[in-house]
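A short worksheet on the structure shown next.
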Amino acid sequence: MTLAQLKDELIAYSKTIGVDKIGFASADPFAELKNRLLTQQQLGYQSGFEESDIEKRVYPEKLLQGARTIISIALAYPSKMSNSPRNTKEERRGIFCRASWGKDYHDILRDRLKKLEIFLKERAPEAKTISMVDTGELSDRAVAERAGIGWSGKNCATITPEFGSYVYLGELVTTLPFEPDTPMIEQCGSCTKCIDACPTGALVQGGQLDSNKCIAFLTQTKDFLPDQYRKKLGNRLYGCDTCQQVCPENKGKDFHNHPEMEPDPEIAKPKLIPLLTISNREFKERFGHISGSWRGKKPIQRNAIIALAHFKDQQALPILADLLKKDPRPVIRGTAAWAIGVIGSIEEKRLLDEVKNTEKDDKVLREIDKGLNIMEYKE
């Protein structure tokens with residue numbers, strides 16, 4: 001069997017296992033990417049979640065000796081939810097971003113990549129392979145662009161002609177020298193809708209993101225959310241879809257090709273108040289299967305408190321008061337104090353004054369003062 005025949009067979013097989021798009025790229029160094037990553041590092045724009053060794057991110061040979069080809073795959077995920085629950089005054093709800101709907105995409109893509117590896121090894125036993133999804137060393141977007149899957153948009157997402165940017169990406173590095181596909185060039189043109197719509201100005205310019213300002217990153221942090229971003233958060237619990245929602249390339253794009261990606265409406269848009277008292281076990285049982293749970297319940301609860309402040313939900317005050325007085329976690333106590341200041345009135349001012357006399361944590365005390373200052377401003 002020739003490599004050309006094996007490539008055709010692999011492409012055909014990929015469709016039978018639920019791969020929506022597949023492309024082949026050379027495993028040559030990503031020289032241009034290296035320069036961009038160094039610039040990001042110098043500017044302090046990295047999130048800290050990336051692979052810290054830039055050499056591993058741009059030299060596939062460092063990950064697999066003799067690497068010749070990188071196979072990129074894309075799976076389309078839904079952009080719309082059927083039976084989406086209403087966010088009402090009586091029942092305020094938060095929202096997980098679309099990339100966290102359904103089963104954790106890392107598991108889904110690893111399953112597809114494993115099947116592709118087995119398929120290759122059965123037909124070319126001498127081949128060496130290594131695969132990765134998202135948390136691997138390589139840049140999924142750089143690989144997908146080189147493999148002709150899509151182009152790197154100004155919103156820093158991979159945009160495919162077929163599915164827009166609503167795709168999960170993964171890659172398989174192999175020693176087999178397949179014929180590479182044609183890379184896809186950038187097609188955003190003069191459009192700047194994503195840059196203009198970014199809630200925090202995290203999109204510095206087309207294709208450049210300051211991760212530390214990005215709401216998708218901020219929702220995953222575990223410390224106090226900086227003051228300037230709290231109003232920007234809205235009711236987001238995990239992630240942010242704004243730059244995808246405004247993209248013209250995503251208009252009308254909504255694919256339901258994979259049952260395991262379908263969201264449970266009560267998980268994707270959960271009621272906010274019950275989240276505040278959920279136990280670790282309950283959180284794992286309800287949310288453990290989605291990618292948005294990977295940082296644990298504390299960031300989600302902190303974001304839920306901020307969302308309740310965004311809605312000025314009076315119904316939340318008793319629980320917020322309880323969290324302020326009893327929760328062992330300073331971030332939750334402090335965020336609750338701030339939210340009480342946003343929502344509450346004179347009665348809650350007495351509560352903040354009372355707790356201020358017993359609270360020992362300096363950061364929580366600062367949040368209590370913020371809450372009191374907000375109340376004074378309202379008066």
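A short reminder: the numbers here are calculations on the coordinates, not readings from a lab. No experiment lies behind these values; they were computed from the predicted model shown. Glycine also receives a Cβ, built like all others from the backbone with ideal geometry; neighbour counts cover every protein chain displayed.
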For the ranges 98-104, 362-368, what's the packing order if you count other beta-carbon atoms within 10 Å of each residue, average per peptide, and put the highest first? 98-104, 362-368
Quick one: what are the phi-derived ³J(HN,Hα) couplings along the range 185-198, Karplus 6.51/-1.76/1.60 with θ = phi - 60°, whole Hz, x for glycine and proline? 8, 4, 10, 6, x, 8, 5, 10, 4, 5, 5, 5, 8, 4
Report, in degrees rounded to the nearest 10, the 0 to 90 angle that the Cα long axis of helix 317-326 makes with the longest principal axis of the chain. 90 degrees
Taking the chain as the reference, fit the longest principal axis to its C-alpha atoms, fit the long axis of helix 297-311 to the helix C-alpha atoms, and give the angle between the two in degrees, 0 to 90, nearest 10. 60 degrees
Holding the Cα-Cα limit at 23 Å, pick out from 213/349; 15/121; 56/121; 154/232; 284/356; 103/297 the pairs that are longer than that. 213/349; 56/121; 284/356
So for the chain, taking the charge dipole from beta-carbon charges (+1 Lys/Arg, -1 Asp/Glu), which of 242, 33, 13 sits furthest toward the positive end? 242
Theoretical gain in end-to-end length, residue 281 to residue 16 [0.36 nm per residue, Cα-Cα removed]: 91.7 nm
Between 0 and 90 degrees, rounded to the nearest ten: what's the tilt of helix 362-378 against the longest Cα principal axis of the chain? 70 degrees
³J(HN,Hα), Karplus 6.51/-1.76/1.60, whole Hz, each residue of the range 345-361, x for Gly, Pro: 10, 4, 5, 6, 4, 4, 4, 4, 4, 5, 5, 4, 6, 10, 5, 9, 7
From the mean inverse distance of alpha carbon pairs (Kirkwood) and the Cα radius of gyration, derive Rg over Rh for the chain. 1.03
With charges only on Cβ, +1 for K and R and -1 for D and E, what is the dipole size of the range 290-379 about its Cα centre, in debye, rounded to 20? 460 debye
Kindly give Rg over Rh for the range 48-175, based on alpha-carbon atoms, with the Kirkwood expression for the hydrodynamic radius. 1.06
Based on the mean of other Cβ atoms within 10 Å per residue, sort peptides 349-356, 36-43, 300-307 so the most packed one is first. 300-307, 349-356, 36-43
